[in-house]
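Chemist: Before we start, here is the structure in question, set down as structure tokens.
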Amino acid sequence: MLAEKTAPKAGENTWLWLLKIASGLLIITILIIHYVVNHFVGEQVLLTYDDILRYYSNPIVPIMEGIFLVFVVVHALLGLRSILLDLHPTRAVLKAINGLFGLVGVVSIVYGLWLLIVVAWRGSAG
Amino acid sequence: MDESLRKPPPRSWVQAWFDPRRRDLGTFAFVLNRVTALGLTLYLFLHLIMLGNLARGPEAYGRFLETIEHPVFVFGEYLVVLAGLIHGFNGIRIALTSFGIGVPYQKRIFVALMVIAAVAGVIFGVRMFAV
């Protein structure tokens with residue numbers, strides 16, 4: 001039977017739980033755009049290098065993709081953390097998970113934003 | 001009924017895990033959500049790493065595109081699209097019920113959302129494999 005309601009689980013802060021849901025809803029919206037652009041717009045199935053540069057030369061695109069990147073990374077890591085919580089980690093293990101996921105999140109977002117800026121820069125220059 | 005007849009036959013944990021019988025719809029919804037979550041998370045980080053080819057210039061990105069045009073990669077990519085559709089549409093139900101909306105109808109909501117995901121899946125399949 002489906003649970004009456006989903007709710008934050010032990011070790012999951014209410015705000016993090018809410019962030020997981022809110023980010024999920026935002027992701028759905030941008031993901032649909034992301035899928036359609038990548039599979040229905042190009043001449044071939046996937047966008048070529050030049051297609052991508054042209055697409056990113058519109059300033060709305062890097063902004064949208066930047067927001068998408070941040071929320072997808074946060075949602076993925078919070079989700080993975082909530083799966084790991086079901087394995088009842090000890091306090092020390094949970095602390096290690098928090099630290100590792102925080103680091104992975106920051107590195108991924110910084111790297112992703114750098115990549116976005118490089119592509120958008122080249123797009124606006126060419 | 002005799003108690004011994006009602007007990008299921010002893011099974012190994014592998015059978016117990018993968019036996020789809022006597023499962024509720026909610027269990028399938030839960031399993032689908034978790035499996036797609038793990039797949040999508042793995043893909044997300046692969047995707048970010050692979051898109052690094054964009055920074056290396058048009059030749060490197062062109063070579064990368066040639067590699068992933070192989071049917072095996074197209075099929076893998078299609079699985080990612082399906083996983084995203086399933087996880088996203090099922091997520092709408094989870095978000096709704098999290099705020100107490102539509103809780104009594106959530107099985108019907110789940111089935112309806114999965115039908116939408118399946119239709120979208122067919123449309124993407126035609127586009128990705130027909131070209």
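Chemist: If B:Phe124 satisfies all but one of (1) in contact (Cβ under 8 Å) with a residue 12 or more places away in the chain; (2) surrounded by fewer than 18 Cβ atoms within 10 Å (Cβ to Cβ), what's the number of the condition it fails?
Modeler: Just one mismatch for B:Phe124, condition (2).
Chemist: Name the residues in the stretch B:79-131 that are among the aromatic types (Phe, Trp, Tyr) and at the interface with another protein chain (Cβ under 10 Å from one of its Cβ atoms), would you?
Modeler: B:Phe89, B:Phe99, B:Phe110, B:Phe124, B:Phe129
Chemist: Name the single residue that is nearest to the chain's Cα centre (by Cα) among those in the stretch A:26-38 being surrounded by 15 or more Cβ atoms within 10 Å (Cβ to Cβ) and within 10 Å of another protein chain (Cβ to nearest Cβ).
Modeler: A:Ile27
Chemist: I would also like to ask the following. Kindly establish whether B:Ala29 is in a helix (DSSP H, G or I), over 25 Å from A:Leu113 (Cα atoms) and more than 10 Å from chain A (Cβ to nearest Cβ).
Modeler: No: the conditions fail for B:Ala29.
Chemist: List the number of the failed condition for B:Ile68; all other conditions in (1) more than 13 Å from the chain's Cα centre (by Cα); (2) more than 8 Å from every other protein chain (Cβ to nearest Cβ) hold.
Modeler: (2)
Chemist: Quick one: which residue in B:Gly91, B:Gly100 is among the small types (Gly, Ala, Ser) and either surrounded by 12 or more Cβ atoms within 10 Å (Cβ to Cβ) or at pLDDT 95 or above (or both)?
Modeler: It is B:Gly91.
Chemist: In addition: Kindly indicate whether A:Ser108 is of a type in the set (Ser, Thr, Tyr) and modelled with pLDDT under 95. It would help to see each step written out before you state the result.
Modeler: Working: of a type in the set (Ser, Thr, Tyr): yes; modelled with pLDDT under 95: no.
It is false that A:Ser108 is of a type in the set (Ser, Thr, Tyr) and modelled with pLDDT under 95.
Chemist: Anything in the stretch A:18-56 that is of a type in the set (A, V, I, L, M, F, W, C), free of Cβ contacts under 8 Å to residues at least 24 places away in the same chain and assigned to a helix (DSSP H, G or I)? List them, or say none.
Modeler: Those that are of a type in the set (A, V, I, L, M, F, W, C), free of Cβ contacts under 8 Å to residues at least 24 places away in the same chain and assigned to a helix (DSSP H, G or I): A:Leu18, A:Ile21, A:Ala22, A:Leu25, A:Ile28, A:Ile32, A:Val36, A:Val37, A:Phe40, A:Val41.
Chemist: Right, here's the next one. Based on this model, can you work out whether B:Val119 counts as farther than 26 Å from A:Asp50 by Cβ, among the aliphatic types (A, V, I, L, M) and part of a helix (DSSP H, G or I)? First the steps, then the outcome.
Modeler: Working: farther than 26 Å from A:Asp50 by Cβ: yes; among the aliphatic types (A, V, I, L, M): yes; part of a helix (DSSP H, G or I): yes.
Yes; evaluated as a whole, the condition is true for this residue.
Chemist: When you check A:Leu77 against the structure, is it surrounded by 18 or more Cβ atoms within 10 Å (Cβ to Cβ), within 11 Å of chain B (Cβ to nearest Cβ) and touching a residue at least 12 places away in the same chain (Cβ under 8 Å), yes or no?
Modeler: yes
Chemist: Would you confirm, using the coordinates I've provided, whether A:Ala92 is surrounded by fewer than 12 Cβ atoms within 10 Å (Cβ to Cβ) and modelled with pLDDT under 90?
Modeler: no
Chemist: From the list A:Leu100, A:Leu78, exactly one residue is touching a helix residue (DSSP H, G or I) at 6+ places or on another chain (Cβ under 6 Å) and either over 29 Å from B:Leu96 (Cα atoms) or of a type outside the set (Val, Ile, Thr) (or both). Which is it? Reasoning before the result, please.
Modeler: Details: A:Leu100 fails: touching a helix residue (DSSP H, G or I) at 6+ places or on another chain (Cβ under 6 Å).
Answer to the check: A:Leu78.
Chemist: Another one. What is the residue count in the stretch B:33-65 for residues that are more than 9 Å from every other protein chain (Cβ to nearest Cβ) and in a loop (DSSP other than H, G, I, E, B)?
Modeler: So the count comes out to 1.
Chemist: Which numbered condition in (1) within 24 Å of A:Asn38 (Cβ to Cβ); (2) over 17 Å from the mean Cα position of the chain (by Cα); (3) among the small types (Gly, Ala, Ser); (4) at pLDDT 95 or above is the only one that A:Gly99 fails?
Modeler: Only one criterion is unmet by A:Gly99, namely (1).
Chemist: Also: Check whether at least one residue in the stretch B:62-76 is surrounded by 13 or more Cβ atoms within 10 Å (Cβ to Cβ) and either among the basic types (Lys, Arg) or within 27 Å of A:Leu84 (Cβ to Cβ) (or both), and report yes or no.
Modeler: yes
Chemist: On to the next question. Out of the stretch A:7-52, which residues are of a type in the set (Phe, Trp, Tyr) and at pLDDT 90 or above?
Modeler: Once the filter is applied, which keeps residues that are of a type in the set (Phe, Trp, Tyr) and at pLDDT 90 or above, the stretch A:7-52 yields only A:Tyr49.
The values are calculated or read from the model by the stated rules, or taken from the named source; none is laboratory data. In this text the structure is predicted, and so the values were computed from the model without any measurement. Positions of Cβ are generated from backbone atoms using ideal geometry, with glycine treated the same way; all protein chains shown enter the neighbour counts.
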